[in-house]
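This report refers to the structure that appears directly beneath it.
The values are calculated or read from the model by the stated rules, or taken from the named source; none is laboratory data. Since this is a predicted model, take the numbers as computed values, not measurements. Here the Cβ positions follow ideal geometry from the backbone for every residue, glycine too, while neighbour counts run over all protein chains shown. Heavy atoms of the whole protein, side chains included, go into the accessibility calculation; ligands, DNA and RNA do not. Shrake-Rupley method; radii C 1.70, N 1.55, O 1.52, S 1.80 Å.
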Amino acid sequence: MAVRHTSGASAAANAMHELFPGARLIVAANRAPYRRSLGPDGEPRWERPAGGLTAALDPLMQGFGGVWIAAQPGEGQDLRVPPEAPRYAVEVLGVPVETYRAYYSGYANAGLWPLCHNLVERAHFRPSDWSSYRHVNRLFAERIAKVAKPEDIVFLHDYQLAMVPGYLRGLGYTGPIAHFWHIPWPPTVVLRLLPERRLLLQGLLQADWLGFQTDDSVDAFAAAARKELGARMMRDADGVRLLYQGRVTRLAAVPISIDTARVEEIARAPVTRERIEKLRSRLGLQDASLLLGVDRLDYTKGIPARLDGFTRLLARYPSLHGRVQFLQVGVPTRTEIRDYRRLAIAVRRRVSDINRRYGRPGWRPVRLVERNLTLDQLVALYRLADVAVVSSLYDGLNLVAKEYVAARVDGEGALCLSETAGAYQELRDAFPLSPLSPERVAEGLARALFSSPEERERRMAKLRAAVAANTIHTWLERVLRGLHEAAPQLSGENVTPV
Ligand code: G6P
């Protein structure tokens, strides 16, 4: 696997060179960037998830070296990657199955996940889950403390690892720590439902730099730190700093992005053109418009109301019968949690209801594809979709919205985007969607479908400019620059509360 240095990637690499000479990246995230299993022939088989985070960090880790620490239930794994020309280490912590379940399916995904998405009735906080969450966070911190030197950069990810910065400082680690919170930070009234909120806030405030997707999350975190811990807030041109127990933590809204160049490259490839034509005839789209949803089957994504909205659209506009098709890609996720299994059932039921009610020979209004598609397959679908529908109830960011826009190298297509998805802050030229009520969803879809080609092109041009301006590589560069300014051991900066 070659090290890809797009111009964006080298901007992040330059920042690393310039600001952190001699540093390696020590990344900790619940999931590993590479997986190795044994194929049926007994030979090792490698998988490399196509996620944006890996796309950004992998070239940097290959260039500067480092360790990526992750966790999984059962046995751990120590890998050197990329497999063909190893440049850095992936250390997957093995966690006893029950402990992992309580940490991942319990505290993280049945507790913090719904709470941070303001879906309070779904959130459960069991004391035993909390103790497993702390245990796994401690394992992460111990491993990091073992491998990280003070001149390295520790870069932590997401709600699964909120306690790690605090534990790491407790173990005497003095180097720079950045933590990026990929999901929304909830308003304080919601956070107060979390029994351990102060411990989480205290843990996170041991990082030098805390990144969020939106200003709303930065403001909500700062308000919680002030109200719950009495932290002092300082605001300057560069954003917000919090002073708590002698340590200053800088907060920043740095929305994550995608590997735009990669998506465009796939979108322009001749093989994608062939794929699009095959799909067009397979789906019977010669005379029909395609509406597309691509999501993990997660209740935050608003899929039932989206399908109900589509039903209303069909009820209201008989002229669309036979002329429009909805393709929903629903990637199975977290199926060990009951709410996720129920959602999958509810979605399947709606799909068959719509098809029974409106379908006719030669026209199946909705198709549900319940599996993970490759980026190549997705890009072909994006190119084919007249309207992409992102109707999340809440969403940290939503990378599908950005992928769709990047894939539209033809400048066509329409993005319907929930106003409560983080991505809407950057992509305000999307057709806005109010995701809660089916009536509003139907209105939003109709607006996009019946808009003039000029309006769609005008909006898409602006969206494409916005996505081009902030790629996963510029994101990483901003993180590195933010961390450099924030880390007192590097900048020696003096802060005065205002
Ligand atoms: C969201 C979270 C990530 C998580 C991903 C997939 O994007 O912010 O931390 O990895 O969902 O969820 P999973 O539970 O499968 O890792």
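Per residue, how much accessible area does region 345-488 show when a 1.4 Å probe rolls over the protein heavy atoms, in square angstrom?
Solvent-accessible surface per residue comes out at 41 Å².
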Query raised in the report: Quick one: if you stick a label point 7 Å off each Cα along the C-beta vector at residue 352 and residue 281, how many nm between them?
Result: 3.2
Query raised in the report: Relative to the compact globular guide of 2.2 N^0.38 Å, what is the alpha carbon radius of gyration of the chain, as a ratio?
Result: 0.98
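Could you sort out which of 227/301; 149/227; 146/301; 278/402; 149/402 sit more than 32 Å apart by Cα distance in this structure?
From 227/301; 149/227; 146/301; 278/402; 149/402, over 32 Å: 149/227; 146/301; 149/402.
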Query - With Cα atoms, 0 to 90° folded angle of helix 375-384 axis to the chain main axis - result: 40
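Report, as a whole number in µm² per second, the diffusion coefficient that Stokes-Einstein gives for region 247-290 at 10 °C and 1.306 mPa s using the Kirkwood radius over alpha carbon pairs.
So the translational diffusion coefficient is about 114 µm²/s.
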Query raised in the report: Under Stokes-Einstein, with the Kirkwood radius over Cα pairs standing in for Rh, what whole-number D in µm²/s applies to region 141-188 at 4 °C and 1.567 mPa s?
Result: 114
Query raised in the report: So what does the Cα-only Debye profile of region 12-151 read at q = 0.12 Å⁻¹, as log10 I(q)/I(0), no solvent term?
Result: -0.59
**Report entry** the chain, accessible surface, carbon-and-sulfur percent (1.4 angstrom probe)
**Finding:** 49
Requested in this report: Compute the long axis of helix 52-64 from its Cα atoms, compare it with the longest principal axis of the Cα atoms of the chain, and write down the angle in degrees, 0 to 90, nearest 10.
Outcome: 40
Requested in this report: Between residue 247 and residue 342, with labels modelled 7 Å along Cα→Cβ, what's the label distance in nm to one decimal, could you check?
Outcome: 3.8
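Using 0.36 nm times the number of residues separating residue 367 and residue 335, minus their current alpha carbon distance, what extension gain do you get? Walk me through the numbers before you get to the answer.
Working: separation 32, 0.36 × 32 = 11.52 nm, distance 2.08 nm.
My answer for the length gained is 9.4 nm.
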Report summary line: Mean projected area (nm²) from the convex hull of Cα positions in region 187-255 is 4.2
Query raised in the report: Between residue 120 and residue 289, what FRET efficiency comes out of the Förster formula 1/(1 + (r/R0)^6) with R0 = 51 Å and r the beta carbon distance, rounded to 0.05?
Result: 0.85
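In Å², what does the accessible area per residue of region 98-236 work out to with a 1.4 Å probe?
Values: 4820 Å² over 139 residues.
Here the per-residue accessible area is 35 Å².
Find how much the distance from residue 45 to residue 462 grows on full extension, using 0.36 nm per residue of separation minus their present alpha carbon separation; answer in nm with one decimal. Before the final figure, lay out the partial values.
On the way: separation 417, 0.36 × 417 = 150.12 nm, distance 4.18 nm.
Between residue 45 and residue 462, full extension yields 145.9 nm more.
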Requested in this report: Could you tell me the largest-minus-smallest coordinate of the C-alpha atoms of region 376-498 on each of the three principal axes, in descending order and whole angstroms?
Outcome: 57, 31, 26
Report task. Please go through region 408-479 and write out the chymotrypsin sites (Phe, Trp or Tyr not before Pro) that DSSP classes as loop and that have at most 11 other C-beta atoms within 10 Å. Result -> 450
Query raised in the report: How many percent of the alpha carbon pairs in region 260-469 exceed a separation of 27 Å?
Result: 24
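For a quick protection proxy, order the peptides 216-225, 190-199, 380-389 by their average other-Cβ count within 10 Å, most packed first. List each step's numbers first, then the result.
Working: 216-225: 20.9, 190-199: 16.5, 380-389: 24.2.
Ranking the peptides 216-225, 190-199, 380-389 by packing returns 380-389, 216-225, 190-199.
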**Report entry** Under 14 Å from the Cα of residue 462 - aspartates and glutamates, other chains or at least 8 residues apart
**Finding:** 410, 412, 426, 429, 454
Requested in this report: Report relative contact order for the chain in percent, whole number only (criteria: Cα-Cα under 8 Å, sequence separation at least 6).
Outcome: 15
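Expressed in nm to one decimal, what extension gain is obtained for the pair residue 434 and residue 232 from 0.36 nm per residue of sequence separation less their Cα-Cα distance?
Values: separation 202, 0.36 × 202 = 72.72 nm, distance 3.58 nm.
Value of the extension gain: 69.1 nm.
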Report summary line: Rounded to one decimal in nm, the spacing of the 7 Å Cα→Cβ label points at residue 17 and residue 317 is 5.2
